[in-house]
Amino acid sequence: MSKILVIGHQNPDTDSITSAISFSYLQNALGKNTEAVALGAPNEETQFALDYFKAETPRVISGASNETREVMLVDHNEFQQSVPDIEELTILAVIDHHRISNFHTATPLYYRAEPVGCTQTIILKLYKEHQIEIPSHIAGLMLSGIISDTLLFVSPTCTDEDIKAAQELAKIAGVDPEKYGLDLLKAGTNLSDKTAEELISLDAKSFEVNGKKVRVAQVNTIDYMDIFSKKAEIEAAISRQVNDNGYNLFLLVVTNILDSDSRIFATGSSAQVTEQAFGIKLENGEAFLKGVVSRKKQIIPQLTEALSN
Ligand code: MN
Ligand code: MN
């Protein structure tokens, strides 16, 4: 019997990689034969967490049907964000905290979605429901996922459950969540050796809204100038992607993790829709979004609404 692969989304973030690890560990403890894999190499922030807790980096795959028939998805459900051959595979389980869209299966499955700030918060509940003990390095990775997704508990997606889960996991992992958390987030803002192309692809997701192709890339920083000083290069890289992939809108969201604000840069034939979506005026394609840090809660719903009019 081939292994069941546990997979997070493309351009994986810390939640996607660590949730694949923690959910695979739980499934194996329950007698399944699974392996956590990733649809891309870990980013700097995720690598910091993996190194800190001395965890193995999941194997990177570009397809799954060549080695297995069965997969479990964590931290996503939309097919265009999943492994490219997802339609040829049987999805046994989904653990997620995003909107449900472009998803269907031919057979029954386990599906657990909760509107919490991080997949790991749901996975912690599953450990408890099955009474499986969490090893300290897994707890550390789970904590890292929560810190990353909630930007250290300030994102509007963060719930009381996430904060409680993080406190509990920090205790098992033996770290101070605030101190470790800031170190983790700062590790993710080290982008000095990244090309413009890499910057706009690190954490980018595609959406289809009312027949329009939308790409939203998010980059965390502690200084906007780290990114906007390279605007010409970034603009050129975005234009290439818009032309190559036919995006109607490419939105780059640069989030300041210390101030919890974002600057956006909108490109594409539908770029103007961002003015209506966020109640702003674009200047040279740019605008400041006060208090906006969450793509899933403060960007995608607003764009969906504006594009549907
Ligand atoms: Mn994610
Ligand atoms: Mn997540």
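Tell me, what is the FRET efficiency for Glu129 and Leu258 to the nearest 0.05, using R0 = 30 angstrom and their Cβ-Cβ distance as r? It comes out at approximately 0.25.
Projecting label points 7 angstrom from Cα along Cα→Cβ for Tyr224 and Ala29 puts them 4.5 nm apart.
Can you give me the angle between helix 160-173 and the longest principal axis of the chain, using Cα atoms only, in degrees from 0 to 90, rounded to the nearest 10? With both axes taken from Cα atoms, the answer is about 60 degrees.
Quick one: in segment 196-308, what % of C-alpha pairs are over 23 Å apart? Can you show the working numbers first?
Values: 1184 of 6328 pairs.
Result for the distance tail: 19 percent.
Percent of C-alpha pairs per 20 Å bin in the chain, short distances first: 34, 59, 7.
Evaluating 6.51 cos²θ - 1.76 cosθ + 1.60 at θ = phi - 60° for every residue in segment 92-108, the Karplus couplings come out as 7, 7, 9, 10, 8, 9, 10, 4, 9, 7, 6, 9, 7, 9, 8, 10, x Hz, glycine and proline recorded as x. Could you give the angle, 0 to 90 degrees to the nearest 10, between helix 14-29's Cα long axis and the longest principal axis of the Cα atoms of the chain? That helix lies at roughly 20 degrees to the long axis.
Shape summary of segment 119-196, radius of gyration then Dmax from alpha carbon positions: 13.4, 46 Å.
Only helical runs count toward this figure. For the chain, summing -39,500 (n - 2.57) over DSSP H runs of n ≥ 4 and dividing by all residues gives -11500 deg cm²/dmol at 222 nm.
Placing dummy labels 7 Å off each Cα toward the beta-carbon, the span from Ile280 to Ile163 is 2.7 nm. Glu235 sits with roughly 80 Å² accessible to a 1.4 Å probe, with DNA, RNA and ligands left out of the calculation. The accessible area of Thr57, taken with all protein chains in place and a 1.4 Å probe, comes to roughly 60 Å².
Distance between the 7 Å Cα→Cβ label points at Val60 and Asp183: 2.6 nm.
With the dipole of the chain worked out from charges on the C-beta (+1 for Lys and Arg, -1 for Asp and Glu) around the Cα centre, which of Ala266, Ile134, Phe207 lies farthest toward the positive end? The one lying farthest along the dipole's positive direction is Phe207. Against the chain, whose longest principal axis is taken from its Cα atoms, helix 177-188 shows a tilt of about 60°. Report the Cα centroid-to-centroid distance between segment 87-138 and segment 179-253 in angstrom, as an integer. Their Cα centres are 27 Å away from one another. Loop-resident GluC sites (Glu not before Pro) (DSSP state other than H, G, I, E or B) in segment 110-165 with no more than 14 further Cβ atoms inside 10 Å of their Cβ: Glu133.
If you average 1/r over all unlike Cα pairs in segment 57-165 and invert the result, what Kirkwood radius do you get in angstrom?
Details: mean 1/r = 0.0659 Å⁻¹.
After inverting the mean inverse Cα-Cα distance, the result is 15.2 Å.
A Cβ-based charge dipole, computed about the Cα centre of the chain with Lys and Arg at +1 and Asp and Glu at -1, lands at about 380 debye.
The values are calculated or read from the model by the stated rules, or taken from the named source; none is laboratory data. No experiment lies behind these values; they were computed from the predicted model shown. No Cβ is skipped: glycine too gets one built from the backbone with ideal geometry, and neighbour counts run over all protein chains shown. The protein model used for the area step is the full one, side chains on, heavy atoms only, and it has no ligands, DNA or RNA in it. Shrake-Rupley method; radii C 1.70, N 1.55, O 1.52, S 1.80 Å.
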